[in-house]
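The values are calculated or read from the model by the stated rules, or taken from the named source; none is laboratory data. The shown structure was predicted, so the numbers you read here are calculated from the model rather than taken from an experiment. For neighbour counting, all protein chains shown are included, and Cβ atoms are generated from backbone atoms with ideal geometry for every residue, glycine included.
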């Protein structure tokens, strides 16, 4: 019986296999399998997530930025390529015009999320930590283009 089911699975196309997998996953999820797995392997999952965050800080920062924008009900939430923005702005703080090392760079929303600004590359600028902290949720008085 088991070999017969395996033979049927092997005969399926890639798309059919994906559909079958989703259906089986839905059945396991409905039975609470994922809850049981997480309860048994919580430490293992936390350890994996911490290691992933340590190895990929840029992805963690991107996820947290999008999460914050969604929480603030931003009108637009786009995927951000941090390095592209740093390159576009020549790694220069748009407020004090100081050239920054990569580890000194922070991203600042020109129109703050709290004021209804979007989380898009067009609304993000490179800023040094001191200028970004000083600016807070205010909007700069001078033209930033």
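Numbers for the structure displayed
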| item | result |
| --- | --- |
| Condition met for residue 80 (under 23 Å from residue 109 (Cβ atoms) and either modelled with pLDDT of 90 or more or touching a helix residue (DSSP H, G or I) at 6+ places or on another chain (Cβ under 9 Å) (or both)) | yes |
| Residue satisfying all of: in the stretch 1-44; at pLDDT below 90 and outside any helix (DSSP H, G or I); surrounded by the fewest Cβ atoms within 10 Å (Cβ to Cβ) among these | 1 |
| Subset of the stretch 74-121 (residues that are surrounded by fewer than 18 Cβ atoms within 10 Å (Cβ to Cβ), in a strand (DSSP E or B) and free of Cβ contacts under 8 Å to residues at least 24 places away in the same chain) | 99 |
| Matching residues, the stretch 59-73, being part of a loop (DSSP other than H, G, I, E, B) and touching a residue at least 24 places away in the same chain (Cβ under 8 Å) | 72 |
| In the stretch 45-58, residue farthest from the chain's Cα centre (by Cα) [restricted to those that are surrounded by 12 or more Cβ atoms within 10 Å (Cβ to Cβ) and either modelled with pLDDT of 95 or more or assigned to a helix (DSSP H, G or I) (or both)] | 45 |
